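What follows is a single structure, written as structure tokens, with notes after it.
The values are calculated or read from the model by the stated rules, or taken from the named source; none is laboratory data. Here the structure is a predicted model, which means the values were calculated and not measured. Neighbour counts are summed over all protein chains in view; Cβ atoms, including those assigned to glycine, are modelled from backbone coordinates with ideal geometry.
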């Protein structure tokens with residue numbers, strides 16, 4: 001994996017803690033898409049095209065199959081110096097870093113953290129990306 005992607009992925013404190021606790025699996029995927037704007041304008045001359053949507057699909061089923069139960073019982077002290085039982089949610093974090101090469105050959109990055117459990121995706125947060 002390119003060093004600048006590793007650096008961006010490890011920018012926050014939570015990620016550093018996660019790396020020390022449990023190992024991780026890394027998937028690296030590369031795709032090259034080149035868009036010729038002039039040809040798009042001639043193909044679609046009856047309406048204005050100002051952008052595209054690129055849908056990326058990753059099959060995470062094999063990750064879900066290996067996950068533990070989504071709930072776990074935890075024991076916490078309460079205000080009376082007793083122990084109470086609570087339900088905890090077990091989630092896993094999947095980091096997705098996207099790199100875009102712009103027409104001027106500069107790079108732009110987006111970093112997303114996908115929070116999921118065995119039942120599926122719970123939420124997706126965009127991590128703050130700054131320049132590398």
Considering the stretch 55-75, residues that are surrounded by fewer than 10 Cβ atoms within 10 Å (Cβ to Cβ) and over 26 Å from the mean Cα position of the chain (by Cα), and then whichever is farthest from residue 4 (Cα to Cα), we arrive at 75
Checked 67, 76 against criteria (at pLDDT 85 or above and outside any loop (DSSP other than H, G, I, E, B)); the one match is 76
Can you tell me which residues in the stretch 79-116 are loosely packed, with under 10 Cβ neighbours inside 10 Å and in a strand (DSSP E or B)? 83, 85, 87
The condition of being in a helix (DSSP H, G or I), modelled with pLDDT under 75 and out of contact with any helix residue (DSSP H, G or I) (no Cβ under 7 Å at 6 or more places or on another chain) holds, among 16, 24, only for 16
Flag if residue 33 is out of contact with any strand residue (DSSP E or B) (no Cβ under 6 Å at 6 or more places or on another chain), loosely packed, with under 11 Cβ neighbours inside 10 Å and at pLDDT below 85: yes
Considering the stretch 121-132 alone, what residues qualify as being exposed (fewer than 11 other Cβ atoms within 10 Å of the Cβ) and modelled with pLDDT under 90? 128, 130, 131
How about the stretch 84-106: which of its residues are in contact (Cβ under 8 Å) with a residue 12 or more places away in the chain and more than 15 Å from residue 72 (Cβ to Cβ)? 93, 94, 95, 96, 97, 98, 99
